[in-house]
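The values are calculated or read from the model by the stated rules, or taken from the named source; none is laboratory data. All of these numbers come straight from a predicted model, not from anything done at the bench. For neighbour counting, all protein chains shown are included, and Cβ atoms are generated from backbone atoms with ideal geometry for every residue, glycine included. Each accessible area value is taken on the protein alone, full model and side chains, heavy atoms only, with ligands, DNA and RNA left out. Shrake-Rupley method; radii C 1.70, N 1.55, O 1.52, S 1.80 Å.
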Amino acid sequence: MPNHYDVIVVGVGSMGAAACYHLAKRGAKVLGIDSQQVPNTNSSYNGNTRVIRLTYQEHPDYVPLLRDAYQLWEEIEQESSTKLFHKTGVLYAGFPEGEAISGVRLASETHNLPCSTLTHSELAKQFPQFTLPEGMVGALEPEGGYLLSELAVETYVQAAQRLGAALLTSEPVIDWSSNAQGINIRTRCGTHVAAKLILCAGAWSGGILRLPDVPLTVTRQVLGWVRPRRPELFQRGDFPVWNIDPHGDRGMSGIYYGFPMSNDPAEGNGLKLARHHPSTPMPPDEITEETFAADEEEILLPLRRYMPDALGQVQTIKVCKYTNSTDGHFIVDRHPESDRVHFACGFSGHGFKFASVMGKVLSELALDDKTQRPIGFLGLSRFANL
Ligand SMILES: Cc1cc2nc3c(=O)[nH]c(=O)nc-3n(C[C@H](O)[C@H](O)[C@H](O)COP(=O)(O)OP(=O)(O)OC[C@H]3O[C@@H](n4cnc5c(N)ncnc54)[C@H](O)[C@@H]3O)c2cc1C
(Lines give C-alpha, C1' and ligand atoms only; values in the text may rest on other atoms or scores of the structure.)
Protein backbone atom coordinates (compact mmCIF):
# COMPACT_ATOMS: atom_id res chain seq x y z
CA MET A 1 0.00 0.00 0.00
CA PRO A 2 1.44 3.43 -0.88
CA ASN A 3 2.02 5.98 1.85
CA HIS A 4 -0.58 8.78 1.96
CA TYR A 5 0.68 12.35 2.23
CA ASP A 6 -1.08 15.62 2.88
CA VAL A 7 0.93 17.23 0.08
CA ILE A 8 3.35 15.97 -2.55
CA VAL A 9 5.72 18.54 -4.08
CA VAL A 10 7.03 17.61 -7.53
CA GLY A 11 10.34 19.35 -8.21
CA VAL A 12 12.46 20.02 -5.13
CA GLY A 13 14.35 22.92 -6.71
CA SER A 14 14.23 26.63 -5.93
CA MET A 15 10.48 26.88 -5.30
CA GLY A 16 9.86 23.25 -4.32
CA ALA A 17 12.50 23.09 -1.59
CA ALA A 18 11.03 26.20 0.07
CA ALA A 19 7.50 24.80 -0.34
CA CYS A 20 8.51 21.54 1.41
CA TYR A 21 9.92 23.57 4.29
CA HIS A 22 6.86 25.82 4.73
CA LEU A 23 4.49 22.84 4.49
CA ALA A 24 6.44 20.80 7.03
CA LYS A 25 6.62 23.83 9.31
CA ARG A 26 2.82 23.96 9.31
CA GLY A 27 2.79 20.31 10.40
CA ALA A 28 1.73 18.80 7.07
CA LYS A 29 2.88 15.32 6.06
CA VAL A 30 4.96 16.15 2.99
CA LEU A 31 6.81 14.22 0.31
CA GLY A 32 9.16 16.07 -2.06
CA ILE A 33 10.02 14.20 -5.26
CA ASP A 34 12.81 15.26 -7.61
CA SER A 35 14.07 13.60 -10.78
CA GLN A 36 17.67 14.48 -9.84
CA GLN A 37 19.87 14.66 -6.77
CA VAL A 38 19.22 17.73 -4.59
CA PRO A 39 21.07 20.02 -5.03
CA ASN A 40 22.32 19.35 -8.57
CA THR A 41 24.00 21.31 -11.38
CA ASN A 42 21.27 20.89 -13.99
CA SER A 43 18.47 22.85 -12.30
CA SER A 44 17.88 26.59 -12.65
CA TYR A 45 19.54 27.53 -9.35
CA ASN A 46 23.01 26.33 -10.38
CA GLY A 47 25.96 28.71 -10.56
CA ASN A 48 26.21 29.50 -6.83
CA THR A 49 24.60 32.95 -6.57
CA ARG A 50 21.52 34.96 -7.58
CA VAL A 51 20.76 38.69 -7.43
CA ILE A 52 18.07 39.95 -5.06
CA ARG A 53 16.74 43.50 -5.35
CA LEU A 54 13.66 45.40 -4.24
CA THR A 55 13.24 48.23 -6.78
CA TYR A 56 11.82 45.84 -9.30
CA GLN A 57 12.27 47.05 -12.86
CA GLU A 58 10.23 44.17 -14.34
CA HIS A 59 6.97 45.36 -12.73
CA PRO A 60 6.19 47.27 -9.52
CA ASP A 61 3.52 44.66 -8.58
CA TYR A 62 6.33 42.31 -7.52
CA VAL A 63 7.46 44.64 -4.74
CA PRO A 64 4.95 43.57 -2.02
CA LEU A 65 5.92 39.94 -2.64
CA LEU A 66 9.56 40.88 -2.45
CA ARG A 67 9.11 42.51 0.93
CA ASP A 68 7.78 39.17 2.20
CA ALA A 69 10.59 37.34 0.42
CA TYR A 70 13.20 39.41 2.25
CA GLN A 71 11.58 38.62 5.60
CA LEU A 72 11.39 34.91 4.83
CA TRP A 73 15.04 34.75 3.70
CA GLU A 74 15.93 36.21 7.06
CA GLU A 75 13.73 33.62 8.79
CA ILE A 76 15.43 30.64 7.14
CA GLU A 77 18.87 32.15 7.77
CA GLN A 78 18.07 32.42 11.46
CA GLU A 79 16.43 29.02 11.77
CA SER A 80 19.30 27.25 10.01
CA SER A 81 22.13 29.48 11.29
CA THR A 82 23.27 29.74 7.68
CA LYS A 83 24.24 32.96 5.88
CA LEU A 84 22.38 33.00 2.56
CA PHE A 85 22.02 36.73 1.76
CA HIS A 86 24.79 39.32 1.30
CA LYS A 87 23.44 42.89 1.23
CA THR A 88 25.95 44.63 -1.02
CA GLY A 89 23.63 47.14 -2.69
CA VAL A 90 22.81 46.99 -6.41
CA LEU A 91 24.11 49.58 -8.86
CA TYR A 92 22.08 50.07 -12.06
CA ALA A 93 23.69 51.88 -14.98
CA GLY A 94 22.06 52.80 -18.25
CA PHE A 95 20.54 55.54 -20.35
CA PRO A 96 17.64 57.36 -18.64
CA GLU A 97 15.13 56.00 -21.18
CA GLY A 98 16.43 52.39 -20.97
CA GLU A 99 14.59 49.53 -19.24
CA ALA A 100 16.83 49.34 -16.16
CA ILE A 101 16.89 53.01 -15.13
CA SER A 102 13.26 53.84 -16.00
CA GLY A 103 11.98 50.59 -14.39
CA VAL A 104 13.96 51.13 -11.19
CA ARG A 105 12.70 54.72 -10.96
CA LEU A 106 9.10 53.61 -11.46
CA ALA A 107 9.32 50.90 -8.78
CA SER A 108 11.06 53.15 -6.26
CA GLU A 109 8.53 55.98 -6.80
CA THR A 110 5.49 53.67 -6.71
CA HIS A 111 6.56 51.93 -3.51
CA ASN A 112 8.63 54.67 -1.90
CA LEU A 113 11.79 52.55 -1.85
CA PRO A 114 15.27 53.77 -0.96
CA CYS A 115 17.18 54.35 -4.17
CA SER A 116 19.58 57.19 -5.01
CA THR A 117 20.23 58.45 -8.50
CA LEU A 118 23.70 59.24 -9.83
CA THR A 119 24.61 61.56 -12.69
CA HIS A 120 27.20 60.38 -15.17
CA SER A 121 30.00 62.17 -13.34
CA GLU A 122 28.83 61.05 -9.86
CA LEU A 123 28.74 57.50 -11.13
CA ALA A 124 32.27 57.76 -12.51
CA LYS A 125 33.55 59.23 -9.24
CA GLN A 126 31.83 56.79 -6.89
CA PHE A 127 32.47 53.69 -9.01
CA PRO A 128 35.75 54.13 -10.90
CA GLN A 129 35.63 50.41 -11.74
CA PHE A 130 33.28 51.35 -14.63
CA THR A 131 34.08 53.29 -17.82
CA LEU A 132 30.64 54.12 -19.18
CA PRO A 133 29.62 56.03 -22.32
CA GLU A 134 28.54 59.67 -22.07
CA GLY A 135 24.83 59.90 -21.20
CA MET A 136 24.68 56.82 -19.00
CA VAL A 137 23.48 57.51 -15.47
CA GLY A 138 23.12 55.38 -12.36
CA ALA A 139 20.73 54.33 -9.62
CA LEU A 140 21.92 52.76 -6.39
CA GLU A 141 19.64 50.52 -4.39
CA PRO A 142 21.00 49.88 -0.90
CA GLU A 143 18.65 46.95 -0.09
CA GLY A 144 19.87 44.78 -2.96
CA GLY A 145 22.53 42.10 -2.93
CA TYR A 146 22.81 38.42 -3.65
CA LEU A 147 21.71 35.03 -2.38
CA LEU A 148 23.71 31.80 -2.26
CA SER A 149 21.27 29.83 -4.39
CA GLU A 150 22.64 26.28 -4.26
CA LEU A 151 23.22 26.57 -0.54
CA ALA A 152 19.72 28.00 -0.08
CA VAL A 153 18.08 25.01 -1.79
CA GLU A 154 20.16 22.63 0.30
CA THR A 155 19.33 24.59 3.47
CA TYR A 156 15.57 24.56 2.79
CA VAL A 157 15.61 20.81 2.08
CA GLN A 158 17.54 20.00 5.23
CA ALA A 159 15.26 22.23 7.31
CA ALA A 160 12.20 20.53 5.77
CA GLN A 161 13.63 17.10 6.57
CA ARG A 162 14.34 18.14 10.16
CA LEU A 163 10.66 19.09 10.39
CA GLY A 164 9.64 15.63 9.15
CA ALA A 165 9.35 16.03 5.35
CA ALA A 166 10.22 12.94 3.29
CA LEU A 167 12.37 13.28 0.19
CA LEU A 168 12.62 11.02 -2.86
CA THR A 169 15.45 11.94 -5.24
CA SER A 170 16.61 10.70 -8.67
CA GLU A 171 13.01 9.63 -9.21
CA PRO A 172 11.26 11.41 -12.12
CA VAL A 173 7.51 11.83 -11.87
CA ILE A 174 6.06 10.24 -14.98
CA ASP A 175 2.41 11.12 -14.61
CA TRP A 176 -0.25 12.36 -12.18
CA SER A 177 -4.00 12.08 -12.00
CA SER A 178 -6.67 13.34 -9.63
CA ASN A 179 -10.02 12.01 -8.45
CA ALA A 180 -12.48 12.77 -5.64
CA GLN A 181 -10.29 10.96 -3.09
CA GLY A 182 -6.97 12.62 -3.91
CA ILE A 183 -4.00 12.62 -6.24
CA ASN A 184 -1.99 9.69 -7.62
CA ILE A 185 1.57 10.44 -8.65
CA ARG A 186 3.38 7.83 -10.69
CA THR A 187 7.17 7.45 -10.64
CA ARG A 188 9.41 4.57 -11.73
CA CYS A 189 9.26 3.03 -8.26
CA GLY A 190 5.48 3.10 -7.89
CA THR A 191 2.48 5.27 -7.12
CA HIS A 192 2.39 7.91 -4.38
CA VAL A 193 -0.86 9.24 -2.99
CA ALA A 194 -1.65 12.67 -1.54
CA ALA A 195 -4.55 14.95 -0.77
CA LYS A 196 -2.86 17.85 -2.57
CA LEU A 197 -0.21 18.29 -5.23
CA ILE A 198 2.21 21.13 -5.96
CA LEU A 199 3.97 21.13 -9.32
CA CYS A 200 7.14 23.21 -9.62
CA ALA A 201 9.28 21.35 -12.14
CA GLY A 202 11.17 24.38 -13.51
CA ALA A 203 12.36 23.84 -17.09
CA TRP A 204 10.43 20.55 -17.27
CA SER A 205 7.09 22.16 -16.39
CA GLY A 206 5.77 22.10 -19.97
CA GLY A 207 5.44 18.30 -20.01
CA ILE A 208 4.15 17.79 -16.51
CA LEU A 209 1.62 20.64 -16.46
CA ARG A 210 -0.28 19.58 -19.62
CA LEU A 211 -1.35 23.17 -20.37
CA PRO A 212 -0.91 23.68 -24.13
CA ASP A 213 -2.27 27.24 -23.95
CA VAL A 214 0.55 28.26 -21.63
CA PRO A 215 3.67 28.06 -23.78
CA LEU A 216 7.02 28.00 -21.97
CA THR A 217 10.34 28.49 -23.76
CA VAL A 218 13.49 27.13 -22.16
CA THR A 219 16.64 29.08 -23.01
CA ARG A 220 20.35 28.48 -22.61
CA GLN A 221 22.02 31.06 -20.32
CA VAL A 222 25.74 31.49 -19.80
CA LEU A 223 27.45 32.38 -16.52
CA GLY A 224 31.16 33.12 -16.27
CA TRP A 225 33.86 33.70 -13.67
CA VAL A 226 36.87 35.81 -14.67
CA ARG A 227 40.19 36.43 -12.92
CA PRO A 228 40.33 40.27 -13.05
CA ARG A 229 43.49 42.20 -13.83
CA ARG A 230 42.96 44.18 -10.60
CA PRO A 231 40.99 41.93 -8.21
CA GLU A 232 41.39 44.37 -5.30
CA LEU A 233 38.88 46.75 -6.99
CA PHE A 234 36.06 44.23 -7.11
CA GLN A 235 35.85 42.79 -3.60
CA ARG A 236 32.64 42.52 -1.58
CA GLY A 237 32.52 45.47 0.78
CA ASP A 238 33.89 47.91 -1.82
CA PHE A 239 32.01 46.76 -4.89
CA PRO A 240 28.26 46.11 -5.29
CA VAL A 241 26.15 43.82 -7.43
CA TRP A 242 25.87 45.68 -10.74
CA ASN A 243 23.49 45.76 -13.68
CA ILE A 244 24.17 47.56 -16.97
CA ASP A 245 21.53 48.15 -19.64
CA PRO A 246 23.50 49.10 -22.81
CA HIS A 247 20.23 49.88 -24.65
CA GLY A 248 21.86 49.41 -28.06
CA ASP A 249 25.21 51.03 -27.18
CA ARG A 250 27.60 49.90 -29.96
CA GLY A 251 25.18 47.11 -30.91
CA MET A 252 24.98 45.59 -27.42
CA SER A 253 21.64 44.21 -26.31
CA GLY A 254 20.19 42.60 -23.20
CA ILE A 255 21.22 43.41 -19.65
CA TYR A 256 24.65 42.54 -18.25
CA TYR A 257 25.06 41.99 -14.55
CA GLY A 258 27.56 40.71 -12.06
CA PHE A 259 28.61 40.14 -8.48
CA PRO A 260 31.43 41.27 -6.23
CA MET A 261 34.26 38.84 -5.45
CA SER A 262 34.71 37.10 -2.13
CA ASN A 263 36.91 34.41 -0.60
CA ASP A 264 33.96 32.08 -0.08
CA PRO A 265 34.32 28.97 -2.29
CA ALA A 266 30.49 28.64 -2.21
CA GLU A 267 30.42 31.68 -4.55
CA GLY A 268 32.71 30.29 -7.26
CA ASN A 269 36.20 31.30 -8.18
CA GLY A 270 36.67 34.85 -9.52
CA LEU A 271 34.48 37.74 -10.60
CA LYS A 272 31.09 36.39 -11.69
CA LEU A 273 29.00 37.90 -14.46
CA ALA A 274 26.22 37.02 -16.89
CA ARG A 275 23.80 38.40 -19.47
CA HIS A 276 20.04 38.53 -19.01
CA HIS A 277 18.45 38.05 -22.49
CA PRO A 278 18.61 37.63 -25.41
CA SER A 279 19.32 33.90 -25.42
CA THR A 280 18.98 30.71 -27.44
CA PRO A 281 16.09 28.24 -26.97
CA MET A 282 17.09 24.72 -25.90
CA PRO A 283 15.21 21.48 -25.14
CA PRO A 284 14.42 21.24 -21.41
CA ASP A 285 15.95 17.76 -21.13
CA GLU A 286 19.33 18.70 -22.57
CA ILE A 287 22.17 18.51 -20.05
CA THR A 288 23.69 21.96 -19.72
CA GLU A 289 27.40 21.30 -19.33
CA GLU A 290 28.71 21.86 -22.90
CA THR A 291 30.26 25.30 -23.48
CA PHE A 292 31.69 27.07 -26.56
CA ALA A 293 34.26 29.74 -27.43
CA ALA A 294 31.42 32.20 -28.12
CA ASP A 295 30.33 31.83 -24.47
CA GLU A 296 33.67 33.28 -23.31
CA GLU A 297 33.26 36.18 -25.71
CA GLU A 298 29.77 36.88 -24.33
CA ILE A 299 31.21 37.04 -20.81
CA LEU A 300 34.18 39.22 -21.75
CA LEU A 301 32.29 41.76 -23.91
CA PRO A 302 30.89 43.95 -21.10
CA LEU A 303 34.30 43.93 -19.42
CA ARG A 304 36.02 45.04 -22.63
CA ARG A 305 33.46 47.84 -23.05
CA TYR A 306 32.73 48.96 -19.51
CA MET A 307 35.11 47.44 -16.92
CA PRO A 308 38.66 47.34 -18.30
CA ASP A 309 40.27 46.60 -14.92
CA ALA A 310 38.12 43.49 -14.61
CA LEU A 311 39.35 41.99 -17.88
CA GLY A 312 41.29 38.78 -17.42
CA GLN A 313 41.29 35.09 -18.02
CA VAL A 314 37.96 33.27 -17.94
CA GLN A 315 38.16 30.75 -15.09
CA THR A 316 34.84 28.94 -15.37
CA ILE A 317 31.84 28.93 -17.67
CA LYS A 318 28.55 27.36 -16.63
CA VAL A 319 25.27 27.03 -18.46
CA CYS A 320 21.87 27.28 -16.84
CA LYS A 321 18.24 27.26 -18.02
CA TYR A 322 15.64 30.00 -17.97
CA THR A 323 12.00 28.91 -18.33
CA ASN A 324 10.32 31.86 -20.01
CA SER A 325 6.61 32.63 -20.07
CA THR A 326 5.32 34.62 -23.06
CA ASP A 327 5.13 37.87 -21.07
CA GLY A 328 8.17 37.32 -18.82
CA HIS A 329 6.03 37.09 -15.67
CA PHE A 330 5.71 34.09 -13.36
CA ILE A 331 2.73 31.77 -13.62
CA VAL A 332 1.29 30.68 -10.27
CA ASP A 333 -2.23 29.31 -9.97
CA ARG A 334 -4.57 26.41 -9.33
CA HIS A 335 -4.44 23.78 -12.06
CA PRO A 336 -7.55 23.86 -14.31
CA GLU A 337 -7.88 20.04 -14.04
CA SER A 338 -8.23 19.88 -10.26
CA ASP A 339 -8.80 22.01 -7.14
CA ARG A 340 -6.24 19.79 -5.44
CA VAL A 341 -3.35 20.87 -7.68
CA HIS A 342 -1.41 24.14 -7.69
CA PHE A 343 1.65 25.03 -9.69
CA ALA A 344 4.39 27.64 -10.15
CA CYS A 345 6.45 27.95 -13.31
CA GLY A 346 7.71 30.38 -15.97
CA PHE A 347 10.07 32.24 -13.65
CA SER A 348 11.66 33.76 -16.76
CA GLY A 349 15.14 34.22 -15.37
CA HIS A 350 14.20 36.34 -12.36
CA GLY A 351 12.53 33.95 -9.92
CA PHE A 352 15.14 32.86 -7.42
CA LYS A 353 14.89 35.88 -5.12
CA PHE A 354 11.18 34.99 -4.69
CA ALA A 355 11.78 31.34 -3.75
CA SER A 356 11.32 32.01 -0.02
CA VAL A 357 7.91 33.66 -0.52
CA MET A 358 6.83 31.39 -3.39
CA GLY A 359 7.40 28.39 -1.13
CA LYS A 360 5.14 30.06 1.44
CA VAL A 361 2.50 30.97 -1.19
CA LEU A 362 2.44 27.40 -2.52
CA SER A 363 2.12 25.98 1.00
CA GLU A 364 -0.84 28.31 1.67
CA LEU A 365 -2.53 27.40 -1.62
CA ALA A 366 -2.14 23.69 -0.86
CA LEU A 367 -3.20 23.80 2.81
CA ASP A 368 -5.73 26.68 2.84
CA ASP A 369 -6.86 26.76 -0.82
CA LYS A 370 -6.03 30.48 -0.81
CA THR A 371 -3.32 33.00 -0.01
CA GLN A 372 -3.59 36.60 1.20
CA ARG A 373 -0.44 37.48 -0.73
CA PRO A 374 -0.93 39.53 -3.91
CA ILE A 375 -0.37 36.94 -6.64
CA GLY A 376 -3.44 37.75 -8.79
CA PHE A 377 -1.28 39.31 -11.51
CA LEU A 378 0.58 36.00 -11.92
CA GLY A 379 -2.53 33.91 -12.61
CA LEU A 380 -3.69 31.94 -15.65
CA SER A 381 -6.51 34.37 -16.46
CA ARG A 382 -4.09 36.54 -18.44
CA PHE A 383 -3.73 33.81 -21.08
CA ALA A 384 -6.31 33.36 -23.81
CA ASN A 385 -8.55 30.26 -23.69
CA LEU A 386 -8.09 29.58 -19.96
C1 LIG B 1 21.95 31.79 -15.41
C2 LIG B 1 20.80 32.17 -14.55
C3 LIG B 1 20.87 33.31 -13.80
C4 LIG B 1 19.80 33.70 -12.99
N5 LIG B 1 19.90 34.82 -12.23
C6 LIG B 1 18.91 35.13 -11.36
C7 LIG B 1 19.08 36.21 -10.47
O8 LIG B 1 20.12 36.84 -10.44
N9 LIG B 1 18.06 36.48 -9.60
C10 LIG B 1 16.90 35.76 -9.59
O11 LIG B 1 16.01 36.06 -8.79
N12 LIG B 1 16.72 34.72 -10.44
C13 LIG B 1 17.69 34.39 -11.32
N14 LIG B 1 17.56 33.32 -12.15
C15 LIG B 1 16.27 32.62 -12.21
C16 LIG B 1 16.07 31.61 -11.11
O17 LIG B 1 17.25 30.92 -10.83
C18 LIG B 1 14.94 30.69 -11.55
O19 LIG B 1 13.80 31.49 -11.84
C20 LIG B 1 14.58 29.68 -10.49
O21 LIG B 1 15.72 28.93 -10.12
C22 LIG B 1 13.49 28.73 -11.04
O23 LIG B 1 13.11 27.86 -9.99
P24 LIG B 1 12.19 26.60 -10.27
O25 LIG B 1 11.84 26.05 -8.94
O26 LIG B 1 11.09 26.97 -11.21
O27 LIG B 1 13.12 25.56 -11.07
P28 LIG B 1 14.32 24.67 -10.51
O29 LIG B 1 15.02 25.33 -9.41
O30 LIG B 1 15.11 24.24 -11.69
O31 LIG B 1 13.58 23.40 -9.89
C32 LIG B 1 12.86 22.49 -10.69
C33 LIG B 1 13.10 21.11 -10.13
O34 LIG B 1 12.14 20.21 -10.71
C35 LIG B 1 12.76 18.97 -10.88
N36 LIG B 1 11.98 18.20 -11.84
C37 LIG B 1 11.77 18.49 -13.14
N38 LIG B 1 10.98 17.56 -13.72
C39 LIG B 1 10.68 16.68 -12.76
C40 LIG B 1 9.91 15.48 -12.75
N41 LIG B 1 9.29 15.02 -13.84
N42 LIG B 1 9.82 14.79 -11.60
C43 LIG B 1 10.44 15.23 -10.46
N44 LIG B 1 11.19 16.36 -10.43
C45 LIG B 1 11.30 17.08 -11.56
C46 LIG B 1 14.16 19.35 -11.36
O47 LIG B 1 15.08 18.30 -11.20
C48 LIG B 1 14.47 20.56 -10.49
O49 LIG B 1 15.18 20.21 -9.32
C50 LIG B 1 18.61 32.92 -12.96
C51 LIG B 1 18.55 31.73 -13.70
C52 LIG B 1 19.64 31.35 -14.48
C53 LIG B 1 19.55 30.08 -15.27
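Miscellaneous remarks
- Computed over protein heavy atoms with a 1.4 Å probe, the carbon and sulfur contribution to the accessible area of region 254-354 reaches 49%.
- Beta bridges per DSSP with both ends in the chain, % antiparallel, nearest 5: 70 percent
- When region 259-386 is reduced to its Cα atoms, the Kirkwood hydrodynamic radius in Å: 17.8 Å
- Over the chain, dividing the summed -39,500 (n - 2.57) contributions of all DSSP H runs of at least 4 residues by the number of residues returns a 222 nm mean residue ellipticity of -8000 deg cm²/dmol.
- Restraint check, Lys83/Lys318; Lys25/Lys272; Lys29/Lys370; Lys125/Lys272, Cα-Cα greater than 28 Å: Lys25/Lys272
- Solvent-accessible area of region 98-250 (1.4 angstrom probe, protein heavy atoms only): carbon and sulfur portion equals 51 percent.
- Compared with the dominant Cα axis of the chain, that is its longest principal axis, helix 14-25 is turned about 50°.
- Given their separation in residues at 0.36 nm each and the Cα-Cα distance between them, Ser381 and Asn40 gain 119.4 nm when the chain is fully extended.
- Averaged over its residues, region 64-171 has an accessible area of 44 Å² per residue, based on protein heavy atoms and a 1.4 Å probe.
- Rough spin-label spacing in nm, given labels placed 7 Å along Cα→Cβ, for Ser81 and Glu97: 5.6 nm
- Average Cα contact separation per residue, the chain, under 8 Å, 6 or more apart, as relative contact order %: 24 percent
- Ordering of 356-369, 199-212, 281-294 by packing [mean C-beta count within 10 Å, highest first]: 356-369, 199-212, 281-294
- Percentage of interatomic Cα-Cα distances in region 129-234 larger than 17 Å: 76 percent
- Taking amide H positions as modeled 1.01 Å from N, with prolines and chain starts lacking one, the residues under 5 Å from Thr49 and 5 or more places away or on another chain are Ser149.
- Extension gain (nm, one decimal) between Gln372 and Glu74, 0.36 nm per residue minus Cα-Cα: 105.2 nm
- Reported value for the chain: 131 Å³ per residue, from the convex hull of its C-alpha atoms.
- Only Cα sites of region 331-386 enter the Debye sum here, all with the same form factor; the resulting log10 I(q)/I(0) across q = 0.17, 0.22, 0.28 1/Å is -0.54, -0.90, -1.33, listed in q order.
- Gain upon complete extension [Gln181, Glu134; 0.36 nm per residue less C-alpha separation]: 10.4 nm
- The phi torsions of region 238-255, fed into the Karplus equation with coefficients 6.51, -1.76 and 1.60 and a -60° offset, translate into couplings of 10, 9, x, 5, 10, 8, 10, 10, x, 6, x, 3, 6, x, 7, 10, x, 10 Hz, rounded to whole numbers, with Gly and Pro shown as x.
- Packing-based order for 120-127, 315-322, using average beta carbon neighbours within 10 Å, highest first: 315-322, 120-127
- For region 199-205, backbone phi angles converted through the Karplus equation (6.51, -1.76, 1.60; θ = phi - 60°) give residue-by-residue couplings of 10, 9, 9, x, 4, 8, 5 Hz, Gly and Pro being listed as x.
- Relative to the longest principal axis of the Cα atoms of the chain, helix 99-111 runs at roughly 70 degrees.
- The peptide list 18-31, 139-152, put in order of mean Cβ contacts within 10 Å with the highest first, becomes 18-31, 139-152.
- FRET efficiency for Glu109 and Glu232, using Cβ-Cβ distance with R0 set to 41 Å, rounded to 0.05: 0.65
- Label point distance in nm, Asp213-Asp327, each placed 7 Å from Cα along Cα→Cβ: 1.4 nm
- Axis angle, to the nearest 10 degrees, between helix 293-306 and the longest C-alpha principal axis of the chain: 50 degrees.
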